[in-house]
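The values are calculated or read from the model by the stated rules, or taken from the named source; none is laboratory data. Remember, predicted model here, so these are calculated numbers, not experimental data. Heads up, the Cβs are rebuilt from the backbone with ideal geometry, glycines too, and the neighbour counts pull from every protein chain shown.
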């Protein structure tokens, strides 16, 4: 099952990268085309690809915690997001850094919590159950010139049980780590002082 999911994810990102472009009319890519980061709090890594404008897709593989009506499960998780960075242009106009996709975003969220590498749970059911999460999150991501980055995300959604009961619950994620890819230097489209 894990091999199939990884293959599907790789194919999707391959197709998205074919559609990638830096500039085409007014649909200029305002965010990083590609970036890889490593998380130190919940050991894992994330790959994010810019799609168009301020829209990106990302996948994270690492330690995750599912928490919903039936209980909790802690272990290996794959988190997928389609992010819309809503304040990139505002940050550019104010002369703030947007390198490394430093901005605030709203995301459609999906996650899979695997039974094969589960560390702890209090959910009643068979040992080999899986959980899927489908919801909406709001996040803040910042990157700094030396590569340090953090991402804080809060949301809610539906936890679909495979072998156990389903239910509603929150999605909370805090990541701190190192951005392995080089950040592009960004300049505002216009000089804000020219408006004075």
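Tabulated results
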read-out: Unique residue being out of contact with any helix residue (DSSP H, G or I) (no Cβ under 7 Å at 6 or more places or on another chain), within 19 Å of residue 33 (Cα to Cα) and part of a loop (DSSP other than H, G, I, E, B) when the list is 151, 80, 101; value: 101
read-out: Top-ranked residue in the stretch 88-98 [being out of contact with any helix residue (DSSP H, G or I) (no Cβ under 8 Å at 6 or more places or on another chain) and surrounded by fewer than 17 Cβ atoms within 10 Å (Cβ to Cβ); ranked as farthest from residue 132 (Cα to Cα)]; value: 96
read-out: Selection from the stretch 83-98 of residues that are closer than 21 Å to residue 181 by Cβ, without any contact (Cβ under 8 Å) to a residue 60 or more places away in the chain, more than 12 Å from the chain's Cα centre (by Cα) and not in a helix (DSSP H, G or I); value: 96
read-out: Residue match in the stretch 111-131 (condition: assigned to a loop (DSSP other than H, G, I, E, B), under 22 Å from the mean Cα position of the chain (by Cα) and modelled with pLDDT under 95); value: no
read-out: Selection from the stretch 37-47 of residues that are more than 11 Å from the chain's Cα centre (by Cα) and closer than 12 Å to residue 178 by Cα; value: 38, 39, 40, 41, 43, 44
read-out: Filter pass, residue 136 being assigned to a strand (DSSP E or B), under 16 Å from the mean Cα position of the chain (by Cα) and under 12 Å from residue 65 (Cα atoms); value: no
